[in-house]
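The values are calculated or read from the model by the stated rules, or taken from the named source; none is laboratory data. Note that the structure is predicted; figures quoted are calculated from it, not measured. No Cβ is skipped: glycine too gets one built from the backbone with ideal geometry, and neighbour counts run over all protein chains shown.
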Amino acid sequence: MLTRFFDYYRPYKTLFTIDFISAVVVAVLELAFPIVVSQVTDELLPTANWTLIVAASVGMLLLYIITTSLQFVVTYYGHKLGTNIETDMRRDLYSHLQRQSFRYFDNRETGQLITRLTSDLFEIAEVAHHGPEDIFITIFTLTGAFYMMLQIHTGLAIATIILVPFIALALAFFNKRMTKVNTDIYNSLGNFSAGIESAVGGIRVVQAFANEAHESSLFEGLNQSYRKSKILFFKMLGISHAYNYLLIRLISLFALFFGAYYTIQGEISYGDFIGFILLANVFVRPIEKVNNMIESYPKGIAGFKRFSEELDLEPDIKDKPGAVEVSGLTGKIEYKNVSFTYEGKTPVLDGINLTIHPGETVAFVGPSGAGKSTICNLLPRFYEIDSGEITIDGYNIQDITLDSLRNQIGVVQQDVFLFPGTIRENVRYGNLEATDEEVYRAIRLAHLESVVQNMPEGLDSVVGERGVKLSGGQKQRLSIARMFLKNPPILILDEATSALNTETEKVIQESLNSLAEGRTTLIIAHRLATIKHATRIVVVNEDGIAEEGNHEELMALNGVYRNLHDAQFAS
């Protein structure tokens with residue numbers, strides 16, 4: 001884990017070097033001040049040479065000016081280093097999340113993932129900035145100050161630092177405990193964020209059912225869980241701070257008490273006594289910093305541990321070595337003895353065999369849970385098959401790069417996702433390089449032109465989060481326009497009209513028919529009236545593919561399809 005952590009410093013070696021050297025110089029100058037004071041007291045004061053005293057004071061002023069400048073460098077460039085590392089980690093984590101399959105997101109809450117991208121990394125940045133320099137400066141200052149104290153008086157130095165081992169034991173103990181507590185805090189915060197994301201995202205449902213009190217109760221549970229984790233952390237922090245405060249003050253008291261004794265005994269001079277007291281203050285300063293380390297380091301360590309665990313999760317779907325890029329596919333699709341299960345449970349598909357010819361429109365019908373959507377989701381490798389083989393134009397889809405495979409397949413879903421932004425931006429998502437003219441053409445083909453013209457800002461009208469400012473039919477047509485821009489040879493229509501009224505469905509169906517023209521099209525449908533035009537209808541049930549044929553052929557069989565049809569049109 002340490003190797004991975006320090007790898008993030010590599011691009012910023014110069015920045016780290018500037019920050020680190022500046023911090024070291026500041027520490028050296030801090031050690032110099034007690035020695036100068038000691039020399040002024042013992043050497044210059046007895047001479048009453050005011051000129052030398054003024055010169056020494058001017059020299060100290062210059063040292064303070066230099067130290068002040070270096071403090072700015074340490075603060076600014078150190079935090080810049082930490083922020084750069086935090087940014088790189090966030091980029092790596094986001095890239096990692098983008099490579100994950102649908103199965104991964106099926107088992108994760110959005111709020112948890114957002115927490116890992118935000119809160120976890122905030123504390124890591126602080127450790128990245130302060131960690132190496134704090135540890136080095138602490139050791140350097142303690143060693144340097146103790147060495148100088150030994151030069152003044154060995155017995156006094158030993159009497160002063162005798163409590164340091166107890167502080168070291170406390171550091172080890174509290175760091176371990178607080179790392180565990182912080183891991184619990186991050187987990188609580190993840191659940192808290194997930195709960196908020198769910199409640200706010202579903203506010204319309206909450207208000208429609210008048211369940212505000214219920215949601216407030218759930219929120220309070222999450223809120224109290226997070227509160228308890230934080231309170232436990234601060235309890236440990238309070239004990240740690242109090243313990244270290246007492247030991248640090250005892251160090252200063254020991255220095256004063258034993259220093260006074262040795263001065264009265266004549267073993268050290270007044271200048272040495274003053275210099276020793278100042279060195280003792282320098283000595284305890286990094287120890288006081290240990291309190292800050294106990295507070296921030298466990299947070300950073302816990303955050304980086306979660307970050308590392310996440311990055312170590314290999315995507316279950318990725319490019320094979322030597323995977324080929326494809327383009328211009330005609331759309332001949334073959335499922336050869338394909339089997340698939342969700343989470344290793346009861347098979348959803350078992351030994352499916354199906355051939356779809358280029359330009360053919362194939363509709364999948366059947367009861368919910370029979371595997372219609374699964375058959376289609378396996379084609380772009382949103383999920384990975386357990387056994388068998390799926391080919392497009394003779395290419396095994398597992399031998400094709402994911403990017404090029406998915407560029408050849410367009411998916412229009414029932415639940416349309418629109419990004420916050422304008423109509424133009426959402427349509428252009430189908431082809432980020434599309435010109436305005438191409439965007440307008442796609443909108444016309446999707447029968448969305450009149451809708452855009454009636455909006456005050458036209459294409460620059462904001463759709464709202466998830467497209468809340470548009471009706472269901474308008475969102476569906478926008479997604480179709482997006483697909484016209486993508487222009488893939490293979491099209492998957494996943495119950496694209498099932499949630500629409502009859503009038504809107506008719507308009508959408510015309511758009512879909514235009515979109516499907518000349519493409520290999522797979523349609524998942526519950527409304528049988530929308531797929532009578534299909535070249536072939538595949539009936540899927542719990543046993544697999546039960547029937548195949550066009551509408552007339554399947555009606556004549558008097559089988560599963562006829563039963564579905566009669567049930568829908570019985571009224």
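Tabulated results
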{"quantity": "Single residue of Thr361, Thr422, Thr391 found to be hydroxyl-bearing (Ser, Thr, Tyr) and out of contact with any Ser or Thr (no Cβ under 7 Å at 6 or more places or on another chain)", "calculated": "Thr391"}
{"quantity": "Hits in segment 249-259 (condition: crowded, with 17+ Cβ neighbours inside 10 Å and farther than 15 Å from Phe146 by Cα)", "calculated": "Phe258"}
{"quantity": "Checklist (1) touching a Lys or Arg at 6+ places or on another chain (Cβ under 9 Å); (2) farther than 17 Å from Val412 by Cβ; (3) hydrophobic (A, V, I, L, M, F, W, C) applied to Leu432, failing item", "calculated": "(1)"}
{"quantity": "Flag if Val54 is touching a Leu at 6+ places or on another chain (Cβ under 9 Å) and under 26 Å from Ser269 (Cβ atoms)", "calculated": "no"}
{"quantity": "Residue list for segment 385-420, restricted to those being closer than 25 Å to Leu470 by Cβ, part of a loop (DSSP other than H, G, I, E, B) and in contact with a strand residue (DSSP E or B) (Cβ under 7 Å, 6 or more places away or on another chain)", "calculated": "Gln414"}
{"quantity": "Cβ-Cβ under 9 Å pairs, at least 6 apart or on other chains, segment 224-240 side under 16 Å from Thr183 (Cβ atoms), far side surrounded by 13 or more Cβ atoms within 10 Å (Cβ to Cβ) and among the small types (Gly, Ala, Ser)", "calculated": "Ser225/Ser188; Tyr226/Ser188; Lys228/Ser188; Ser229/Ser188; Lys230/Ser188"}
{"quantity": "Qualifying residue in segment 89-101 (condition: under 27 Å from Arg285 (Cβ atoms) and either in contact (Cβ under 8 Å) with a residue 12 or more places away in the chain or in contact with a Lys or Arg (Cβ under 6 Å, 6 or more places away or on another chain) (or both))", "calculated": "no"}
{"quantity": "Of the criteria (1) among the β-branched types (Val, Ile, Thr); (2) exposed (fewer than 14 other Cβ atoms within 10 Å of the Cβ); (3) closer than 30 Å to Thr141 by Cα, which one Ile287 fails", "calculated": "(2)"}
{"quantity": "Residue in segment 241-264 that is nearest to Pro286 (Cα to Cα), counting only those that are in contact (Cβ under 8 Å) with a residue 24 or more places away in the chain and of a type in the set (Gly, Ala, Ser)", "calculated": "Ser252"}
{"quantity": "Lys469 in a helix (DSSP H, G or I) and either modelled with pLDDT under 85 or surrounded by 14 or more Cβ atoms within 10 Å (Cβ to Cβ) (or both)", "calculated": "no"}
{"quantity": "Condition met for Ala55 (part of a helix (DSSP H, G or I) and at pLDDT below 80)", "calculated": "no"}
{"quantity": "Residue that is assigned to a loop (DSSP other than H, G, I, E, B) and either crowded, with 16+ Cβ neighbours inside 10 Å or under 32 Å from the mean Cα position of the chain (by Cα) (or both), where the choices are Phe382, Phe364", "calculated": "Phe382"}
{"quantity": "Verdict on Asn292 being surrounded by fewer than 20 Cβ atoms within 10 Å (Cβ to Cβ), under 50 Å from the mean Cα position of the chain (by Cα) and modelled with pLDDT of 75 or more", "calculated": "no"}
{"quantity": "Residue match in segment 6-13 (condition: under 21 Å from Thr141 (Cα atoms), surrounded by 14 or more Cβ atoms within 10 Å (Cβ to Cβ) and in contact (Cβ under 8 Å) with a residue 24 or more places away in the chain)", "calculated": "no"}
{"quantity": "Unique residue being in contact with a Pro (Cβ under 9 Å, 6 or more places away or on another chain), among the hydrophobic types (A, V, I, L, M, F, W, C) and outside any helix (DSSP H, G or I) when the list is Phe340, Phe276", "calculated": "Phe340"}
{"quantity": "Residue ID - surrounded by the fewest Cβ atoms within 10 Å (Cβ to Cβ), chosen from residues in segment 298-321 that are without any contact (Cβ under 8 Å) to a residue 60 or more places away in the chain and part of a loop (DSSP other than H, G, I, E, B)", "calculated": "Pro321"}
{"quantity": "Wholly within segment 145-231, helices (runs of 4 or more DSSP H) carrying at least 1 residues that are at pLDDT below 70, of a type in the set (A, V, I, L, M, F, W, C) and out of contact with any Gly (no Cβ under 9 Å at 6 or more places or on another chain)", "calculated": "164-201, 203-208"}
{"quantity": "Some residue of segment 403-419 being assigned by TED's automatic domain parsing to the domain that holds Lys372 and more than 30 Å from Glu360 (Cα to Cα)", "calculated": "yes"}
{"quantity": "Some residue of segment 433-450 being of a type in the set (A, V, I, L, M, F, W, C), in the same structural domain as Leu493 (by TED's automatic domain parsing), farther than 19 Å from Asn353 by Cα and under 29 Å from the mean Cα position of the chain (by Cα)", "calculated": "no"}
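Residues are listed down the side, and each one gets a yes or a no for (1) at pLDDT below 80; (2) closer than 26 Å to Ile423 by Cβ; (3) in the same structural domain as Gly410 (by TED's automatic domain parsing):
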| position | (1), (2), (3) |
| --- | --- |
| Leu485 | no, yes, yes |
| Glu505 | yes, yes, yes |
| Ser514 | yes, yes, yes |
| His533 | no, no, yes |
| Arg536 | no, no, yes |
| Val540 | no, no, yes |
